[in-house]
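Asker: Here it is: the structure, laid out below.
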Amino acid sequence: MDSIYSQYAWLIPLFPLVAFLIITAFGRSLRATSIMVALTGSLIALMLSILVLFEQMGSGEEFSERFTWMTIGNVQLSMGIEVTHLTSLMLVVVTLVSFLVNLYSMGYMKDDERISVFYGYIALFTFSMLGLVLSENLLTMYVFWELVGVCSFLLVGFWYTKPEARAAAKKAFIVTRIGDVGLLIAILLLFWYMPDHALDFASIKNVFDGQTGTIAEGITTLIAILIFVGAVGKSGQFPLHVWLPDAMEGPTPISALIHAATMVAAGVFLVARTYDIFEASQAAMNTVAYVGAFTAIFAATIGIAQNDIKRILAYSTVSQLGYMMMALGLGSLTGGIFHLFTHAFFKALLFLGAGSIIHAVHTQNIQEMGGLGSKMKITAWTFGIGALALSGIPPFSGFWSKDAILSTALDHNPLLFVVGLVAAFFTALYMARLFFLVFTGESRSKAHAHESPAVMTVPLIVLAVLAVLAGFVELPWSGLGFLGGWLLPGEEVVHHGSELVMVISTAVGALGIYLGWLIYVKGTISRDVVSSRVPGLVKLLERKYYMDELYHAVIVVPLRGIGQALQAVDDYIIDGVVRLTGAAAVWTGRAGIRMQNGQVQTYGLITAIGLIVLIVVIVGRRFW
Amino acid sequence: MLSSYLTMAAILFCIGLYGALAKRNAVVVLLCIELMLNAVNLNLIAFSKYGVVPSLTGQIFSLFTITVAAAEVAVGIAILIALFRSRGTVEIDEFDEMRR
Amino acid sequence: MLADLPVLSLITFSPLLGILVLLFLPKQRSRLLKVTAIAATLLPLILTFWLYANYHPEVGGAEFKELSTWVEVPVNKETLAPGVTSYMLEFQYHMGVDGLSLPLVLLTALVSLMAALASVHIKKRWKSFYIWFLLLEVGMLGVFLARDLMLFFVFFELTLIATFFLIGIWGYFNREKAANKFLIYNGLGSALMLMAFVMLIATAGLTYVQTDNTASLIYSGNYENLLSNLTNPEALVNVLPEMLGGNNPFYLTDGVKWAVFILLLIAFGIKLPIFPFHTWMLKVHTEAPPAIVMIHSGVLLKMGAYGLLRFGIFLFPEQAREWAVVLAVLGVINIIYGALLAMVQKEFKLVLAYSSISHMGIVLLGIASFNEIGLQGAVFQLVSHGLISALLFLIVGSLYERTGTTEIPELGGLARSMPFMSGILLVAGMASLGLPGLSGFIGEFLSLLGLFDTMKWLTVIATIGVILTAVYVLRAVLAITYGAMPERFITFKDARLIEAVPMIALLAFIVLLGVYPSVLTDTLQHSFDVLINQLNARVGG
C-alpha cells in the first residue's frame, strides 16, 4: 500500500501554526473565538496524525520530502519532513496531549484575561513540537528544537508579573541553551565530517550504521556526546536539570503538555532519532546510560522531600526521563521509546490532576491539602491510576515500560539494574506520600474544595484510560512485543520476558507504597523519623542538593564579577587610553600656547634657536 | 683679510642679536637691530671687495640698506613715541596686546 | 524605462530631491516637513526594490555600471617614457552594484525610511534635521555604490559630517561630547583610510590606455582596475618595462600590500568596531537621538564591515587569509567581551551598544573563515543585525518618549500597559539572540558553520557567546517588560500607528530572512563565488 496520508503529514503542524497566526492577529479582542480556533486546529492535527499512524501501522511506507533552504557555493542546506514509525507514534502523542490540554485549559484558564494569548502560545508550541517530530534532518530539528524552547520560555513566564515566573522563564531558556550549544556544535561537526555535508537522518543512519569507518571513532563519540548534551539540556538530565522544577511556575496545563509529556521528551526523541551514532560508540552509550541512571535516582530522592505538588511531579519527570535515557544507553531503543510513550500519558494525567486540585484548593503545598478524596472523586480516582502507573504496579502502563527497562538493565549492567530498582522504590514512596497527603486524612485546607468542571475531568478520564491501556502495546512475552517489532522493522527483537524482574519490580513498588501508607496514613512510623535522626540529610534533599546555590556561586557570581571587572577595564583602561591620547593632544596644544606669550623677543629667541638647530643639523650631516 | 672683516661683522651681529632679544627698553632694541643691519652691511662690503668675484654691486646694495634702515628707524621711533604717549612706557614686555 | 537611466545615481541622489523641496518649506511646519522627508526616503527604497527585482545574480550587476571621468590632473611630465603621450592622475565617477552591496543598499534604504518614521520624536529644528538626515542617506547609499576610491571616500566623509551634526544638535544631554568623540575617532579612521587609498592609487592604481595615436598612463582609484591589477599583476608589469625603458613605477611589494591591508583593517576596524576601538560608539548609542542610532547601528557600522570586505578582503585576500586567525581571535574577543559587558549594564541603550559589538564579532568570524559559507554568513549577519538593531532602537525611542528613562532598574512590567510594544521588543530580543525562524540565527549559524571548517576551537569558544547573548538579552528585556509595574507607568498608551507600522515592517523583514534566507543568499552567491575562485586560483584552495 502506498502512503496516502503520510504524504500530507506536513499539513499537521500547519494547522496549529495557522491557529497561532489567527489568534495573534485578532485574538485579543475575541476570547471565545480564539479558544475555538486553537481547539479546532489541534483537533484537525490530531485526526490527521491518527490517520498517519494507522497507515504506518498498516503497510504504509515511510515517507520523506525536502526542499532546498539555502544554496551556498556547492553546498545545499535543506529543510524537510520525514514520516517513520517512530515519528508517527510521536505525532499522535503530541497532538493527543495537546488537544486534551487545549480542552482542559478552557476550564483551568477560564478566568485569565490573557487566555487568548495563552492559546496562541500553545498553538505555536504544538506547531513547533510537531515540526521537531517530523524533521527530516538535524538542521530542521535544531530550528524547531529552539522554537519549542522559546515557547516553553513564553509559557513558563506566562504570568509575567510574578518575579518568580520571570526568573524561572529566564532560567529555563538559558539552561536549555547551554545544552543547545552542544547540539549546535554536534551539527557543525556532522556537517563537516559527513560525506556531502548531509545532515538528514537517513544519511546519518547509512554512515554510522554500516561501521564503514567513514568517520573516526573519536569524532563519533564526540558527536554523540554533544548531541546528548543537547538532550541533557532539553530533557532535564543532571547536571542541567535545574530549570525543569522551576518551570513549574507556568500554568499547570503547560506543565502537563510541555514539561511532562512532549518537549522534555524531545531529548529522548533526539537520541532515538540519531541512535545509530550512539550505537557506533560504546563510550557514548555508557555516558548516556550512567547519566540517565544517576538522574533517575538523584531526582527521585529530591522528590521525597518536596512539599510543592508540582515540584514533586517535576522531579518525578526528571527521574523518569533519566529512566528513558538509561534504557537508550543500555541499547534498548524500544524500552526508551516505550517508557516515553506511557510516561507521556500518565504524567500528563498526573499534572492535569494536580491542576484540578490546585484549581480547587488554590495552593500547591501538599501539607495544606488533605481529605480531598471524598470531595473530588474523579480527580482522586484518575490521579490514583496515574500514581499507580508511575509507581510501576501491574497492570498499569508504567509497569510494563519500566519492566522493559529493568530487564534490559539486568541483562547488560546489574549495577544500573540496582540503581533502577532503588529509584523505582523512591518513586513509589514519594507518589504514595503525595497521594495520601492530598487525598486522605483530615482536610487542612481553608478553601472550599469541589470537583472541577467537565472540560477538565474529561481529559483526565481519557488520559486515565490510556494510562491503563498504553502498556499493552509491548508485553514482555515473545510474540506480544508489538511496539518493538514495529519500531525496529527488520531487526530481530529479542525480548527477555523475565518473570523474576517483574516480581522484584512489583515488590519494590508495592513496598514503597506500603511504607508511604504506614507513614502518612497509619502513622505507625513517625513522619519525622528521618528528619529527627539525620536532619542534615533531609535538609540536603529539601534544598535539592544545593545545586542552585552551587551554580549561583560557581557560575553566576563569577560571571557577573568578570563582567564588572571588564567594565572597569573598559571604562578606565581602554577608554582611558583613548582619553589619554586625546589629552596628550590637548597638552601639546597647551605647551604651544605657553610659547605664544605675545613677547616679540621670545618669538625671536625661539626662531633663533630653531635656526641654529637647523644649521647644526644640516651642516652636521656633512660630517656625520 | 676677509676673515677679519667677517669676524668683526659676526661679533657685531651677535651683540645686536643679544640686545634685540634680551633688552627690555624698546629704544635699545631698535639700536641693536641697527647694529645687526650694520653687521650685514659690513659683510656686503667685505665680499664686494675681497670676495671670489669682486664687484661694486655689494657696495651699492649696502647703500640701499642704509637708506632703508634709516627709513625703518624713523618709522620705528615714530611708533615708539606714539606708544609712549598712550602707554607711558617703552618697556617692550608691556606690549602683548596682539596676543589678546 | 528605468533600465535606460543611471539607476544607481538616481538611487544615491534621490534624497537630494527631498532636500530641495525642504529648502522651500517654512521651518515651523513640522508636519509638512516630516511628510516630505518620509516621502524623500521612500524614493530610494522604491528604486532599490526595482534594482533588486532586476538584478541578475549570475551576472553580478555589471549592466548597472556607471563610469565617467570626474577630476583629471596631469602629473610629473619629466618621467614620461618614450611612447607615452600623457601621464594622468584621474578620479572617476564610478558607480556599480554587486551581490555584496545590493543587500546593504536595500538595508540602507529600508532603515532610512524607518528612521524617518521614527523621527516623529524630534522636537526642534525639523527642517535642518531632515536636511542633514537626507544628506546622511545620500552618503550611505553612495558608500555602498561607489566603485572609485576617492568617490567612496567623499561619500564616507559625508556620512561622518552629517552624523556629527545630527548627534551634536539633536542628541541628549552630553550630545556635544559624544559628537566630538565620534568625529575625532572616525576622523582618525578616515585619515588612515585615506593613507591606504593613496598608497593603493599610487601603486596598483596604474592603468595603461592606448588608442590610435595616444598612449597614456593613468593613476586612478578605479576599483575594477585595482582588483585586476592586484589579482593579476603580471599583465601590467609586462607591458610597462618597454614603455618606461626598465623604469617600472608599478612596484607593489609585499611590504606595501601588508601596510595597506593593516591600515585598512584599523580604519574599518574603528568603524566596525573591533575591540579595542569600540569606546566611541558607546557614547553615540547613549547620546544620539534614537532615530539616528537606528541608522548608526543599523547602517553606519555596516560600512566598516563593508569596507573591510570590499577593500581589505577582496583586494588583499592572501594577506587577509594569512591573518585569518587574527581576525577570528578579534571576532571571538568581540563576541565574548561585548556579551560579558552587556550583561552588567544598567542602561538599556548600553546593553544594546555592547550587544552590537558582540554581534559584529560574528561578522569577523564569518570573514575569517574564508569559505563561502562563512562569508555569506558574515554579510547575512550584517543585514540581519542592521534590521534587528534598527528595530530595537525604534522601540527604545518610543519607550523613552513615554517613560523618560531607559535605565533598566527604573523600568519593569511594561507588558501590562504596552503589550504590543513589549511583544515586539521580546521578538526583537529573540532575533538578536539568534532564535531560528528569525534572521539573527542564519547569520550566526552560517558564520559559525563556516569558521568551524578551519578553526574548530575558536568556533567552540565563540559558541559560548551564544549562551551569553541569551543571558544578557533576556536579562534586559525581561527586566523591562516582565515583573511588577511601577504605578506611574499605568497610564502609558501602547504604540501609535505611526510607531507600529515601522516596527511591523522591520519585523516582517526579520521573519522573512529567517524563514526564507535564500532571498538574500542567492544575491550574494555570485560575488563570493568569484572571490573564492580567485583566491583558490592564486594560493590553492
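The values are calculated or read from the model by the stated rules, or taken from the named source; none is laboratory data. None of these values were measured; they are calculated from a predicted model. Cβ: placed from backbone, ideal geometry, glycine included. Neighbour counts: every protein chain shown. For the accessible areas, the whole protein counts, side chains as well, though only heavy atoms, and no ligand, DNA or RNA atoms are used. Shrake-Rupley method; radii C 1.70, N 1.55, O 1.52, S 1.80 Å.
Asker: Fully extended, how many nm does the chain gain between residue C:209 and residue C:25 (0.36 nm per residue separation, minus their Cα-Cα distance)?
Answerer: 61.3 nm
Asker: Going by average Cβ density within 10 Å per residue, which order do the peptides C:388-398, A:352-362, A:106-116 take, highest to lowest?
Answerer: The peptides rank, most packed first, as C:388-398, A:352-362, A:106-116.
Asker: Using the Karplus curve 6.51 cos²θ - 1.76 cosθ + 1.60 with θ = phi - 60°, work out ³J(HN,Hα) for each residue of segment A:84-93 in order, rounded to whole Hz, and write x for Gly and Pro.
Answerer: Once rounded to whole Hz, the list reads 10, 4, 4, 5, 5, 5, 5, 4, 5, 4.
Asker: At a Cα cut-off below 21 Å, give the lysines reachable from residue C:127, other chains included and same-chain residues fewer than 8 away excluded.
Answerer: C:27, C:34
Asker: In Å², and per residue, what accessible area does segment A:549-620 have when probed at 1.4 Å with the other protein chains present?
Answerer: Heavy-atom accessible area per residue stands at 69 Å².
Asker: What does the structure give for A:63-72 when I average, per residue, the other chain Cβ atoms found within 10 Å of the residue Cβ?
Answerer: 4
Asker: Right, another one. When only the heavy atoms of the protein chains count and the probe is 1.4 Å, how do A:104, C:516 rank by accessible area, highest first?
Answerer: The ranking, largest first, comes out as C:516, A:104.
Asker: Additional query: Please work out whether segment A:1-136 counts as rounded, prolate or oblate from its C-alpha gyration tensor, where a ≥ b ≥ c are the square roots of the eigenvalues and a/c under 1.5 means rounded, while otherwise a/b larger than b/c means prolate and anything else oblate?
Answerer: Since a/c reaches 1.5 but b/c is at least a/b, the shape of segment A:1-136 is classed as oblate.
Asker: Give me the distance in nm between label points sitting 7 Å out from Cα along the Cα-to-Cβ direction at residue C:501 and residue C:537, one decimal.
Answerer: With each label point 7 Å from Cα toward Cβ, the separation is 4.9 nm.
Asker: Hey, another quick one. Of A:290, A:323, which has the most accessible area with a 1.4 Å probe, and how do the rest follow in descending order?
Answerer: Listed by decreasing accessible area, they come as A:290, A:323.
Asker: Can you list the trypsin sites (Lys or Arg not before Pro) in segment C:458-510 that are in a DSSP coil and have 11 or fewer other beta carbons within 10 angstrom?
Answerer: Of the trypsin sites (Lys or Arg not before Pro), the ones in loops of segment C:458-510 whose Cβ has at most 11 other Cβ atoms within 10 Å are C:493, C:496.
Asker: At 1.4 Å probe radius, can you tell me the per residue accessible area of segment A:199-284 in Å²?
Answerer: Value for segment A:199-284: 24 Å² per residue.
Asker: Relative contact order for segment A:18-128 using alpha-carbon pairs under 8 Å, separation at least 6, rounded to a whole percent?
Answerer: About 40 percent, as a whole number.
Asker: With a 1.4 Å probe on protein heavy atoms only, work out how much accessible surface A and C bury together, total over both chains, in Å² to the nearest 100.
Answerer: Roughly 4700 Å².
Asker: Here is a further query. What share of the DSSP beta bridges in chain C is antiparallel, in percent to the nearest 5?
Answerer: That works out to approximately 75 percent antiparallel.
Asker: Would you mind checking which residues have amide H under 5 Å from residue C:206's amide H? H placed 1.01 Å from N; only 5 or more apart, or other chain.
Answerer: C:220
Asker: What do you get for GluC sites (Glu not before Pro) in segment C:1-75 restricted to DSSP loop and a cutoff of at most 15 other Cβ within 10 Å of the site's Cβ?
Answerer: Here the GluC sites (Glu not before Pro) that fit, given the DSSP loop and packing criteria, are C:58.
Asker: Please turn the phi angles of segment A:540-550 into ³J(HN,Hα) values with the Karplus equation 6.51 cos²θ - 1.76 cosθ + 1.60 (θ = phi - 60°), one per residue in order, whole Hz, x for glycine and proline.
Answerer: Whole-Hz 3J(HN,Hα) from phi for segment A:540-550: 4, 6, 4, 8, 6, 6, 6, 5, 4, 5, 4.
Asker: Still on this structure: So for the pair residue A:521, residue B:59, with labels modelled 7 Å out along Cα→Cβ, what separation do we get in nm?
Answerer: 14.4
Asker: Follow-up. Can you list the GluC sites (Glu not before Pro) in segment C:351-440 that are in a DSSP coil and have 12 or fewer other beta carbons within 10 angstrom?
Answerer: Passing sites in segment C:351-440 do not exist.
Asker: Compute, for residue C:50, the solvent-accessible surface of its heavy atoms (probe 1.4 Å) with the complete set of protein chains present, and express it in square angstrom to the nearest 10.
Answerer: Accessible area of residue C:50: about 60 Å².
Asker: May I ask you to compute the full-extension gain from residue A:594 to residue A:377, defined as 0.36 nm times their residue separation minus their alpha-carbon distance, rounded to one decimal in nm?
Answerer: Taking residue A:594 through residue A:377 to full extension adds about 68.5 nm, to one decimal.
Asker: Let me ask another. For chain B, take the longest principal axis of its alpha carbons; what is the angle in degrees between that and the long axis of helix B:26-50, to the nearest 10 within 0 to 90?
Answerer: In chain B, helix B:26-50 runs at an angle near 10 degrees to the longest axis.
Asker: Ignoring ligands, DNA and RNA, how do A:595, A:324 rank by accessible area with a 1.4 Å probe, largest first?
Answerer: Putting A:595, A:324 in descending order of accessible area: A:595, A:324.
Asker: Got the relative contact order for chain C handy, in percent, Cα pairs under 8 Å and 6 or more residues apart?
Answerer: 15
Asker: Quick one: accessible surface of residue B:47, probe radius 1.4 Å, all protein chains present, in square angstrom to the nearest 10.
Answerer: 100
Asker: If you don't mind, there's one more thing I want to ask. To the nearest 10 Å², what's residue C:128's accessible area with a 1.4 Å probe?
Answerer: Here the accessible area works out near 40 Å².
Asker: Okay, moving on. Relative contact order (percent) for segment C:323-541, with alpha-carbon contacts under 8 angstrom and 6 or more residues of separation?
Answerer: 28
Asker: If you stretched the chain out fully between residue A:552 and residue A:219, how much longer would it get, using 0.36 nm times the residue separation minus the C-alpha to C-alpha distance?
Answerer: 116.6 nm
Asker: Suppose each label sits 7 Å from its Cα in the direction of the beta carbon; what would the residue A:33-residue C:128 distance come out to in nanometres?
Answerer: Between residue A:33 and residue C:128, the simple spin-label model gives 5.2 nm.
Asker: Which pairs break 20 Å Cα to Cα here: A:347/A:402; A:162/A:539; A:347/A:522; C:181/C:257; A:205/A:347?
Answerer: Among A:347/A:402; A:162/A:539; A:347/A:522; C:181/C:257; A:205/A:347, the Cα-Cα distance tops 20 Å for A:162/A:539; A:347/A:522; C:181/C:257; A:205/A:347.
Asker: Can you list, bin by bin at 20 Å, the percent of alpha carbon pairs in chain A, starting at 0?
Answerer: 19, 49, 19, 6, 6, 2
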